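The values are calculated or read from the model by the stated rules, or taken from the named source; none is laboratory data. It should be emphasised that the depicted structure is a prediction, and the values quoted were computed from it without experimental measurement. All Cβ positions, glycine included, derive from the backbone under ideal geometry; neighbour counts span all protein chains shown. Protein only, heavy atoms only, side chains kept; ligands, DNA and RNA dropped before computing areas. Shrake-Rupley method; radii C 1.70, N 1.55, O 1.52, S 1.80 Å.
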There are 2 protein chains.
Amino acid sequence: MNEQAEAAKKSTLRMIPYGLYVLATKSGDEIGAGAINWVTQTSFAPPLVAMGVKKDSGLYDTLKKSGQFGLSFLESGQKDLAFGFFKPTTVEGQSINGQAYETHETGSPIISAAPAWVEGKVVGEFDMGDHSCVIGEVTNAGTKREAGILTLEECGVKYGG
Amino acid sequence: MNEQAEAAKKSTLRMIPYGLYVLATKSGDEIGAGAINWVTQTSFAPPLVAMGVKKDSGLYDTLKKSGQFGLSFLESGQKDLAFGFFKPTTVEGQSINGQAYETHETGSPIISAAPAWVEGKVVGEFDMGDHSCVIGEVTNAGTKREAGILTLEECGVKYGG
């Protein structure tokens, strides 16, 4: 791509709107968790989601081992919570990066403060580039309250381009 | 999933924010085009996008044959344009579904009224379920003007859950 196309690629891809989520997984005693924004549904039946996950992350390693995922949907106002998950994962008792978590059917950590969540199994991935496109099948979900999602825009952050 | 989890799955997946795009492709004389919203970036290098494409659509068939794609990003206010692409593709001269189009490097139709676009090649897909998760590598892009993206929310439509 020439310089002009590179610049257009960057600004155009940054037009895609994103929410913020905590993706978490558990394999044995190992917990991986991180904030992600590259998420889209890709099928109704079965219900599939595609998630861009950084390859050189503990989260990705643990996800590969566990084959299970929990995706906590964050709520408008939970910017600080989200930013805590841009840091390396630290687990203390029943909390990850200072946030209490719970588990449901898959054993994947769900952030208790999140208004809604889905969990399920990893059914595939498209592994090319700096992030892998991990495909998860949703097998369980819960809603604690109706909420507007925390967006990347609300956080004043750009991750894309 | 029990009834409660099904309902939570639906409402939670509907929290994901989406923009609206016209995905188009050309194989020989055959043009496929349609409005899609299931789009996310999944890698910086190479720049990849994941796009959920309905399996039983002419767009999907043509995309499989061509291996190339054009993704026109729609702008706030272009709801009618978007809705025109929920209908079957009709090509008349240099227009698709009544919208003038142009081509750049890949030959994939780009809606001329769109403020920005990317195009490239299909590098893979995860084909499971009613939509396929098609992975495209962006090889070229253009911006005509800065614009806020048309969102599914602005259109008063839900597609997900």
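Among the trypsin sites (Lys or Arg not before Pro) within segment A:99-161, those in coil by DSSP and having at most 12 neighbouring Cβ atoms inside 10 Å are A:Arg145. Helix B:3-13 and the long axis of chain B differ in direction by around 40°, with both axes built from C-alpha atoms. Between copies, the label points at B:Pro46 (set 7 angstrom from Cα along Cα-to-Cβ) are spaced 2.9 nm, reported in nanometres from shortest to longest. The rule of thumb for compact globular proteins, 2.2 N^0.38 Å, goes into the C-alpha radius of gyration of segment A:75-121 1.15 times. Entry note, the protein assembly as shown: the mean residue ellipticity at 222 nm calculated from DSSP H runs of n ≥ 4, each adding -39500 (n - 2.57), is -5000 deg cm²/dmol after division by the residues and rounding to the nearest 500. Working from label points 7 Å from Cα in the Cα-to-Cβ sense, the B:Ser11 to B:Asp130 distance is 2.1 nm. For the residues A:Ile149, B:Ile135, a 1.4 Å probe over the protein chains yields an accessible-area ranking, largest first, of A:Ile149, B:Ile135. Packing order of peptides B:1-8, B:77-84, highest average first: B:77-84, B:1-8 (average count of other Cβ atoms within 10 Å over each peptide's residues).
What's the buried accessible area, both sides, between B and A using a 1.4 Å probe, rounded to 100 Å²? Spell out each step's value before the answer.
Working: alone 8660 and 8640 Å², together 12940 Å².
Counting protein atoms only, the buried area is about 4400 Å².
Per residue, the average separation of C-alpha pairs within less than 8 Å and at least 6 apart gives segment A:1-56 a relative contact order of 21 percent.
Could you tell me the calculated FRET efficiency between A:Ala45 and B:Val91, based on Cβ-Cβ distance and R0 = 25 angstrom, to the nearest 0.05? Efficiency, from the Cβ-Cβ distance: 0.20.
Taking the Cα centre of each part, how many Å lie between segment B:114-161 and segment B:41-90? What the calculation gives is 5 Å, centre to centre.
Please work out the Cα convex hull volume for the protein assembly as shown and give it in Å³ per residue. Working shown, then result.
Details: hull volume 38.5 nm³, N = 322.
Cα-based convex hull of the protein assembly as shown, divided per residue, equals 119 Å³.
Report relative contact order for chain B in percent, whole number only (criteria: Cα-Cα under 8 Å, sequence separation at least 6). Rounded, it is 28 percent for chain B. Simple spin-label estimate for B:Ser76 and B:Asp29 gives 4.3 nm between the two label positions (7 Å along the Cα-to-Cβ direction from each Cα). Cross-link pairs exceeding 28 Å in C-alpha to C-alpha distance, out of A:Lys9/A:Lys64; A:Lys26/A:Lys55; A:Lys158/B:Lys158; B:Lys10/B:Lys55; A:Lys26/A:Lys144; B:Lys55/B:Lys79, comprise A:Lys9/A:Lys64. For the pair B:Phe83 and B:Ser112, the difference between a 0.36 nm per residue extended length and the Cα-Cα distance amounts to 8.8 nm. Amide H contacts of B:Ile149: B:Ser76, each under 5 Å away and 5 or more positions distant or on a separate chain (H built 1.01 Å from N in the peptide plane; Pro and chain starts excluded).
For segment A:45-85, backbone nitrogen atoms closer than 17 Å to the point 7 Å from A:Glu146 Cα along Cα-to-C-beta are found at A:75-76.
Within segment A:111-161, which GluC sites (Glu not before Pro) sit in a loop by DSSP and count at most 12 neighbouring Cβ atoms inside 10 Å?
Numbers: sites: A:Glu119, A:Glu125, A:Glu137, A:Glu146, A:Glu153, A:Glu154; in loops: A:Glu146.
Filter output for segment A:111-161: A:Glu146.
So what's the projected area for segment A:1-95, the Cα convex hull averaged over all directions, in nm²? Each step should come with its number before you reach the end.
Values: hull surface 34.0 nm².
It is 8.5 nm².
Inter-copy label distances at B:Lys87, using a point 7 Å along Cα-to-Cβ, come to 5.5 nm with the shortest given first.
The modelled label-to-label distance between A:Lys121 and B:Asp56, using points 7 Å beyond Cα along the C-beta direction, is 2.6 nm.
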